[in-house]
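The values are calculated or read from the model by the stated rules, or taken from the named source; none is laboratory data. No experiment lies behind these values; they were computed from the predicted model shown. Ideal geometry is used to build each Cβ from the backbone, glycine not excepted, and the neighbour counts take in all protein chains shown.
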Amino acid sequence: MNLRTLFYVLSAIFLGFLIPYLIATYLFNKEVLSPEQQLANAMWRGSIYSLFALGYALIFSILGLLNLAHSSVFMWGGYIGLMSVLKLDMPIWVAMPVGMIGGGLVAVSVDVIAFMPLRRRNAPRISQLISSIGASVILLSLATLIFSSTPKRFPQDSIDALPGTADKPLTWLLDNANVRITPIQIAIFVIPIVLMFLLEYMVNSLKIGKAMRVVAFNQRIARLLSINVGNIFAFTFFLSGVLAGAAGVLQGLAFNSMTPYMGATVALKGLTVIVLGGLGNIRGAVVGGFLVANIEIMSIALGYGWLSDAVVFSSLFLILLVRPQGLLGESGKMRA
Amino acid sequence: MDAVFDFLAPVGLNETNFQFMLIAAILGCSIYVTLYGGMFSLANAGFMAIGTYVSVVLTQRYDWPFVPAIIAGMVAGGLIAIIVGLPVLRLSDIYLAIATIGFGEVVVVLIRNFDRIYEEIFDKKIEITGGGKGIKNIPVTTDTLHLIIFLLIVVYFLYRMQHSRFGRALAAIRQDETVAANLGINVVYYKNVAFIIGAMIAAGAGGLSGHLNRVIEPDDYDFDRAVDILTYAVLGGTTFFIGPVVGGMVLRYLPELLRRLKVLSFVGSIVGRDLTNEQAAVDGIINGIVLILFIVYLPGGLADPQLWKSLYRRLRPNNTQKGAP
Amino acid sequence: MLVVEDLQVGYGAIIALRGISFKVESGQVVTLIGANGAGKSTTLNTLSGLLKPRAGRILFENVDITGKRADVISQKGLVQVPEGRLIIAPMTVQENLEMGAYKRTDSEINSDIQQVFERFPRLGERRKQKAGSLSGGEQQMLAVGRALMMRPKLIMLDEPSMGLAPMLVNEVFSIIRTIKAQGTTILLVEQNARKALQVADYAYVLERGSIVKEGSAAALQADEEVIQAYLG
Ligand SMILES: Nc1ncnc2c1ncn2[C@@H]1O[C@H](COP(=O)(O)OP(=O)(O)OP(=O)(O)O)[C@@H](O)[C@H]1O
Ligand SMILES: [Mg+2]
């Protein structure tokens, strides 16, 4: 099953890249500037999107609810990582897990405040959606109060302290082009892929992951099997927050600039990602992440960067109309 | 009118604030119509943007008079709602929400890039929407009376709706779509009509607010605006026609009241921060708390007749004790 | 082993149980018979902790478990096999059984799974198959097997024979006999009163939320009213 995921990821990267590339060069006679570089960019950017969307998809698949506060958890995770570098002088490789755990805890508190009371009352899914919007707005506003809305960045010396970064970014010479890839970008590409495989392993093979799937399938059965459903919910939120936190720190490193609004832009892209992949489809979230990144990178490469949002959001809108189960989803298939 | 506002000034109610409260009330009504039929659509910020831009472009660039321009904006909103509604309203709850969020974003992006897209296609420079910077120096033509009249028309419509065939059909659809269809209610038709009406109200609010603000920018109509509109309806309640009006006005007035009562500087002095310059963040926190509190504890909203009845009963314990056997 | 006192349960305005009391002694098979809607499933779900009672008390092994959470109760050894074969369709047969042992940490889980496969050879043959693709009878066996994996002290079966062909019904009841023979106490809910009374030691008759009759299985089998209403 893991090989299949890998296959899907790779095909998403290459098809998402190749198809627009071929269309651009042969149909419109547009020159794509340094395609190798674009591919590299699409890979690490797609990796962040996938990681972010994974948490979204996880909550939807296990709990059946859309947590619109996920983007704020992402931002908080990023800031917790950043602050532990800025204020506590932690090295980045410590700040990263700190940001992840911080994101996890923020996600659990979102569950406690916004979802738990509604679950008790068996409220409709839409109420949960609204209250998650409420939680998101509160988290965002708190962040602007606490961290201020001026951009912040990881200090250069903390980045230089990472192994292999000291002098210059790696420059790989390919046959006829320079591809500039920094070690951080490689890490950004690798870490999410590793986390995705861990997640998939957990959900499919570990006991707790199987318990999550039972809860997703039928909460009554779960409870009769001695599974503490409340704990599984909290754990699922924690995991989604950990993934979001990792994405947040990586995003901060990748663009080397953070504002409390960093979540807002990713929020809607992440929504597009999970809808493309099929709501609640974990593998689909990964594939969708790379697809969306490719759409963006290609439109930038072709000189239409200003249209990339239009393309992304139109595809969100259109895919829902044409294929609401997503590209990978089979209609009527179970959520998890 | 002026005398009234002189009187209300100490509580933070000047005419400008009141105008924005009226706009908020109208926007609340626009989402109320769809929620009344059980449709969770977040498209109204998009329709508001359409109404704003169409009417402002007409008055500013083509010298249309005010009222026809507003009506044209509403018609444009309605037409786009017809096109969008048919496919989108087949989706249910979460999927409808996501699709309408997507729609809103597409509208904003298209408005922001309208001139550029035109140039790209027709190879001719124009200035219609003014890109990301928007349109500036719009003379203020909307006055309080326009807003009041428009709101009254909308509220009268909502009031009539509640007791009409149309309203009953929507209520039935909200209860259970399949049952409603089995009862012979044309679900697709009624849902689309509600969606179109909601869109036109939002577009009208947009046109009126566009001629009130002096400046319009595409970013004013993004997801945050959709959340604002939703909050108005959630605060006021979605089953009783006064709800969205109360919700919109209260929510819009709350920050002014807080400012007047120096709540912010008081809280700020406790936490040791000057909060008076953080209006946006404070508004956000209020919005968020309102959304959660009302959805969790008062799902009927502020204007829920049930709520007031039970409150009344509780505040007059003597009566109930006498009445009890 | 299980003592229920004056249990009252409702769904909103509907009252489903109007204060019922009964007992299950250790090692016995006790059956609860009654028509559709009498409140049999409601009783089991309340004992399992899926529903909260309005009044009354439930004692399991002399411990008050009234209103406790379902996962806590099932861990104490009071295990329900719910109505309608609630198996975990997207998981394999083997995984379903493993989930029965979710809270167990001992080393005998695998040998218990083997035992289930010996008892139900058809499950053994299909261990890698998705549970959703099993036939109705096989699903019922899987549900029972999964409950046995929890090593119950008292197993509650909700209409295990419902919708099964006559041959399978006989098989289900012979399984009940072997479970009893191994010393597990059983509370059996059935509409098939004839069969239920054949395996049971003691029986209660439930009608519209109240217990209207009780007695040893033999006595009820001879009771005119019971014959008329349930065995006729
Ligand atoms: N979720 C529910 N909501 C409302 N009423 C319910 C609910 N479940 C059961 N009831 C009502 O409670 C009463 C008892 O139902 P219960 O399911 O316990 O009956 P039963 O004896 O198990 O019947 P059957 O043999 O059909 O399974 C019935 O009148 C039923 O309509
Ligand atoms: Mg039953």
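For segment B:86-112, a residue qualifies if it is touching a residue at least 24 places away in the same chain (Cβ under 8 Å), within 7 Å of another protein chain (Cβ to nearest Cβ) and of a type outside the set (A, V, I, L, M), and the qualifying residues are B:ASP93, B:PHE103, B:GLU105. Per the listing B:THR100, B:THR34, B:THR59, the residue uniquely crowded, with 22+ Cβ neighbours inside 10 Å and in contact with a Gly (Cβ under 6 Å, 6 or more places away or on another chain) is B:THR34.
Table: residues versus (1) among the polar types (S, T, N, Q); (2) surrounded by 13 or more Cβ atoms within 10 Å (Cβ to Cβ).
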{"residue": "B:ARG90", "(1), (2)": "no, yes"}
{"residue": "B:VAL106", "(1), (2)": "no, yes"}
{"residue": "B:ASN137", "(1), (2)": "yes, no"}
{"residue": "B:TYR159", "(1), (2)": "no, yes"}
{"residue": "B:ARG165", "(1), (2)": "no, no"}
{"residue": "B:THR178", "(1), (2)": "yes, no"}
{"residue": "B:LYS191", "(1), (2)": "no, yes"}
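Considering only segment C:50-70, I want to know if a residue exists there that is more than 13 Å from ligand 1 (Cβ to nearest atom), within 14 Å of chain A (Cβ to nearest Cβ) and crowded, with 23+ Cβ neighbours inside 10 Å. Looking through segment C:50-70, at least one residue is more than 13 Å from ligand 1 (Cβ to nearest atom), within 14 Å of chain A (Cβ to nearest Cβ) and crowded, with 23+ Cβ neighbours inside 10 Å.
Kindly check whether there is at least one residue in segment C:4-20 that is under 25 Å from C:ALA143 (Cα atoms), away from ligand 1 (no atom under 12 Å from the Cβ) and not acidic (Asp, Glu). Scanning segment C:4-20 turns up no residue that is under 25 Å from C:ALA143 (Cα atoms), away from ligand 1 (no atom under 12 Å from the Cβ) and not acidic (Asp, Glu). Checking C:LEU164, C:LEU206, C:LEU231, C:LEU220 one by one, the residue that is more than 26 Å from C:SER74 (Cα to Cα) and within 16 Å of ligand 2 (Cβ to nearest atom) is C:LEU164 and no other. Hey, any hits in segment C:153-173 for a residue that's within 16 Å of ligand 1 (Cβ to nearest atom) and of a type in the set (Asp, Glu)? Within segment C:153-173 (the criterion being within 16 Å of ligand 1 (Cβ to nearest atom) and of a type in the set (Asp, Glu)), the answer is yes, since at least one residue qualifies. Filter segment A:101-134 down to residues that are under 23 Å from the mean Cα position of the chain (by Cα) and basic (Lys, Arg), then give me how many there are. Selection size over segment A:101-134: 1. Do we have C:ALA16 as in a strand (DSSP E or B), within 16 Å of ligand 2 (Cβ to nearest atom), among the small types (Gly, Ala, Ser) and closer than 15 Å to C:SER210 by Cα here? The answer is yes for C:ALA16.
Is it the case that B:VAL227 is surrounded by 18 or more Cβ atoms within 10 Å (Cβ to Cβ), assigned to a helix (DSSP H, G or I) and more than 14 Å from chain A (Cβ to nearest Cβ)? Taking the combined requirement at face value, the residue does not satisfy it. Restricted to helices (runs of 4 or more DSSP H) entirely inside segment A:136-239, those with at least 3 residues that are modelled with pLDDT under 90 are A:156-160, A:183-205.
Is segment B:59-67 home to any residue that is closer than 30 Å to B:GLU177 by Cβ and either part of a helix (DSSP H, G or I) or away from every other protein chain (no Cβ under 14 Å) (or both)? No, the conditions are met nowhere in segment B:59-67. Give segment A:102-134 a look and list any residue that's more than 10 Å from chain B (Cβ to nearest Cβ) and part of a loop (DSSP other than H, G, I, E, B), or say none. A:ASN122, the sole residue that qualifies. The set of residues in segment B:287-310 that are out of contact with any helix residue (DSSP H, G or I) (no Cβ under 6 Å at 6 or more places or on another chain) and part of a helix (DSSP H, G or I) comprises B:ILE289, B:LEU293, B:TYR297, B:PRO305, B:GLN306, B:LEU307, B:TRP308, B:LYS309, B:SER310. Every condition in (1) aliphatic (A, V, I, L, M); (2) crowded, with 16+ Cβ neighbours inside 10 Å; (3) not in a helix (DSSP H, G or I) holds for A:MET83 except the one numbered (3). Exactly one residue out of A:PHE217, A:PHE238 is surrounded by fewer than 22 Cβ atoms within 10 Å (Cβ to Cβ) and more than 10 Å from chain C (Cβ to nearest Cβ): that is A:PHE238. Would you check if A:SER61 is among the polar types (S, T, N, Q), buried (at least 22 other Cβ atoms within 10 Å of the Cβ), away from chain B (no Cβ under 14 Å) and farther than 22 Å from A:PRO260 by Cβ? Judged against the criteria, A:SER61 is not a match.
Here A:TYR56, A:TYR49 are screened, and the one residue that is within 20 Å of the chain's Cα centre (by Cα), part of a helix (DSSP H, G or I), closer than 27 Å to A:GLU200 by Cα and within 12 Å of chain B (Cβ to nearest Cβ) is A:TYR56.
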